[in-house]
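Chemist: This structure is in structure tokens; I'll ask about it shortly.
The values are calculated or read from the model by the stated rules, or taken from the named source; none is laboratory data. From a predicted model like this one, the values you see are computed outputs, not experimental measurements. Each accessible area value is taken on the protein alone, full model and side chains, heavy atoms only, with ligands, DNA and RNA left out. Shrake-Rupley method; radii C 1.70, N 1.55, O 1.52, S 1.80 Å.
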Amino acid sequence: MVSANNLRDVVKLLLARAAKSEGEFVQRVVEKVVSVCSMDGYVYLKTQEDFQWYMTTLGEIARLKGLTRGDKIAAQIIDVPLRVADVRSFAAQAMVELLRDVDRVMEGRLAQDACGASIVSAASWVVGEYCDCLQQGASTMDYPGVVAALLHPTVGKVPVEQQPVFLHALLKVC
């Protein structure tokens, strides 16, 4: 039912439904969206614009209330820029925006919740790993804004074993 031509429309409809729902339904919709988008090495994502759309969509998914497991989202946040060099600058900027909105990502969850923590850790990893791309992709990089996003008080409450990712990102950015 899904093709490269209708993927965005189908995902938009599914996520709109998930945003109005709760419980296991949200998680199932998210897992199907990720499964279809990443199928067969991203067969439906052909262009740089398609991958940028997907990174934006992952950010929207991360902000959904009712998301109970973030491992697949976190894996995709890392995998897409790892595989697609042309999207790294965009991905790094999108993850800075996600970190700036960390309260919404963590909304309704404890900071120690593995779902939110895995997503914000993945976002921090992308920012740190591709900060050079971030610097090249922007005419003027907002260093204080990036550092503030990485040092957000909610980020400091993630499990101790995940905090080195944030430190690594800070060191790379600075």
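Chemist: Give the ranking of F166, F90 by solvent-accessible surface, highest area first, calculated with a 1.4 Å probe. Write down the numbers at each step before the final one.
Modeler: Working: F166 10, F90 70 Å².
So the residues, ranked largest to smallest area, are F90, F166.
Chemist: So which lysines can K172 reach, going by Cα to Cα under 23 Å and dropping same-chain residues fewer than 8 places off?
Modeler: K157
Chemist: Please report the accessible area of D40 (heavy atoms, 1.4 Å probe, ligands and nucleic acids excluded) in Å², nearest 10.
Modeler: Roll a 1.4 Å probe over it and D40 shows about 130 Å².
Chemist: Sort all Cα-Cα distances of the stretch 1-104 into consecutive 5 angstrom bins from zero, then give the percent of pairs in each bin up to the one containing the longest distance.
Modeler: That works out to 2, 12, 25, 25, 21, 11, 3, 0, in percent per bin.
Chemist: Using only helices, what value at 222 nm comes out for the chain when you add -39,500 (n - 2.57) per DSSP H run of length 4 or more and divide by the total residues, to the nearest 500 deg cm²/dmol?
Modeler: Working: 10 runs with 119 residues, N = 174.
My calculation for the chain gives -21000 deg cm²/dmol from helical runs alone.
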